[in-house]
Amino acid sequence: QVQLVESGGGLVQPGGSLRLSCAASGSIFRINAMGWYRQAPGNQRELVASISSGGSTNYADSVKGRFTISRDNAKNTVYLQMNSLKPEDTAVYYCTAIRFKIRYWGQGTQVTVSS
């Protein structure tokens with residue numbers, strides 16, 4: 001089992017920045033890809049960004065150039081730096097990790113972009 005705990009969500013004005021963190025614990029050996037999804041009310045959960053164990057990254061078109069995903073393998077932590085936030089970025093953000101083809105989820109953290 002892998003446990004994922006997110007932190008760093010909150011309320012921010014449009015144009016502002018937030019940094020999300022996700023710490024993995026438990027059976028962390030051989031965790032492969034990690035990433036972030038988000039889900040806004042009435043919408044399906046969607047991929048925001050992912051990063052492989054080797055550092056290769058992938059982003060949704062809607063966040064390219066504004067969000068940056070990074071990973072500290074020594075700390076078993078993945079980060080999402082979010083800049084130039086827009087109201088449409090408002091959602092619950094979920095951390096995810098894949099280990100031996102099993103996907104694990106965190107509990108989610110709310111990000112609200114509003115003036």
> Under the Kirkwood approximation for Rh and a Cα-based Rg, what ratio Rg/Rh is obtained for the chain?
Replying inline: 0.95
> Within a Cβ distance under 11 Å of Q81, other residues only, what is the Lys/Arg minus Asp/Glu net charge?
Replying inline: +2
> What does the charge count near A97 come to, summing +1 for each Lys or Arg and -1 for each Asp or Glu among other residues with Cβ under 13 Å from its Cβ?
Replying inline: +4
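Place a +1 charge on the Cβ of each Lys and Arg in region 50-114 and a -1 charge on the Cβ of each Asp and Glu, then give the dipole magnitude about the Cα centre in debye, rounded to the nearest 20.
In debye, rounded to 20, region 50-114 gives about 260.
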>> Ordering D72, D89 by accessible area with a probe of 1.4 Å, largest first, what comes out?
In response: D72, D89
> What are the residues whose amide H is under 5 Å from the amide H of G26, where those residues sit 5 or more places off or on another chain and H is modelled from the backbone?
Replying inline: Q3
> What does the accessible area of S17 come to, in Å² to the nearest 10, when a probe of 1.4 Å is used?
Replying inline: 60
> What is the Cα radius of gyration of region 32-95 over 2.2 N^0.38 Å, N being its residue count?
Replying inline: 1.10
>> Over the chain, with a Gaussian network built from C-alpha contacts below 10 Å, which listed residue (A91, A60, A24) shows the highest mean-square fluctuation?
In response: A60
>> Need one number: % antiparallel among DSSP beta bridges in the chain, to the nearest 5.
In response: 95
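When only DSSP loop residues count, what trypsin sites (Lys or Arg not before Pro) in region 60-102 have their Cβ near at most 12 other Cβ atoms within 10 Å?
Here the trypsin sites (Lys or Arg not before Pro) that fit, given the DSSP loop and packing criteria, are K64, K75, K101.
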>> Let me check against my output: what whole-number percent is the relative contact order of the chain, with C-alpha pairs under 8 Å and at least 6 apart?
In response: 37
> Tell me, what ³J(HN,Hα) does each residue in region 40-57 have, in order and in whole Hz, if you take phi through Karplus 6.51 cos²θ - 1.76 cosθ + 1.60 with θ = phi - 60° and put x for Gly and Pro?
Replying inline: 8, x, x, 10, 7, 5, 10, 6, 9, 7, 9, 9, 7, 5, x, x, 6, 10
>> For region 1-60, take every pair of Cα atoms, bin their distances at 5 Å starting from 0, and report each bin as a whole percent.
In response: 4, 13, 19, 26, 22, 10, 5, 1
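The values are calculated or read from the model by the stated rules, or taken from the named source; none is laboratory data. Keep in mind the model is a prediction, meaning the values are calculated, not measured. A quick note on method: Cβ atoms are made from the backbone with ideal geometry, for glycine too, and the neighbour counts reach across all protein chains shown. Quick note on the areas: whole protein, heavy atoms, side chains included, nothing else; ligands and nucleic acids left out. Shrake-Rupley method; radii C 1.70, N 1.55, O 1.52, S 1.80 Å.
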